[in-house]
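Taken together, the values in this text are just the output of simple stated rules run on the coordinates, not laboratory data. As the structure is a computational prediction, the values presented were derived from the model and not from experiment.
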């Protein structure tokens, strides 16, 4: 009986030693090979997502400095415009219109700028700024802005009513024509202009002489104004 007990204890010890040996080998494998597999797998997965969501940065274009145009007109009635913006880590600014450099300035300590530039060509113009460091090793360009130069007054024709006319009605129709994309006001009230530049509206009259002012304005700030009078006389 004792011999059987002794044999059983030996079997248990053998099993324990075998288990401990396997455990040691497993732990060694995890700390040597396993961590490398996990780390490489994690890096691979991270690279898959980073390729889709991020773009590699370059020192000269994204990290080193910034240049932004904060204020520039969409349209103007002057050949010269004022451009303002902000800059970081750049000291020299070059201003371009339609691909040609028109102004250049050096920044001493300010991180903002305001500069008058010109001359614009009639119609559409492309404006951008190139900023660079003092040594010229780093530079960056702004996006290209479209600026329309218009120096002519918009068309404004009044077909009805006639100036210095007399009517027995207390309400009249104002009709006329202008260019496309023009804003029209009659006695300071905006009215609708159709795609062909035609407009019409009604105006109530007071007894006696009435002054009617029609103003047409374009996006560049050019104005054309027509003033006429209509006399309202009640029928007796």
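Take every pair of alpha-carbon atoms less than 8 Å apart whose residues are at least six positions apart; their mean separation over the length of segment 93-228 yields a relative contact order of 19 percent. In angstrom, the C-alpha Rg and Dmax of segment 163-236 are 13.5, 49. Percent relative contact order of segment 59-149, based on C-alpha pairs within less than 8 angstrom and at least six residues apart? The value is 33 percent. Put simply, segment 90-186 fits an ellipsoid with semi-axes of 51, 13, 10 Å; these come from the alpha carbon gyration tensor as the roots of five times its eigenvalues, largest first.
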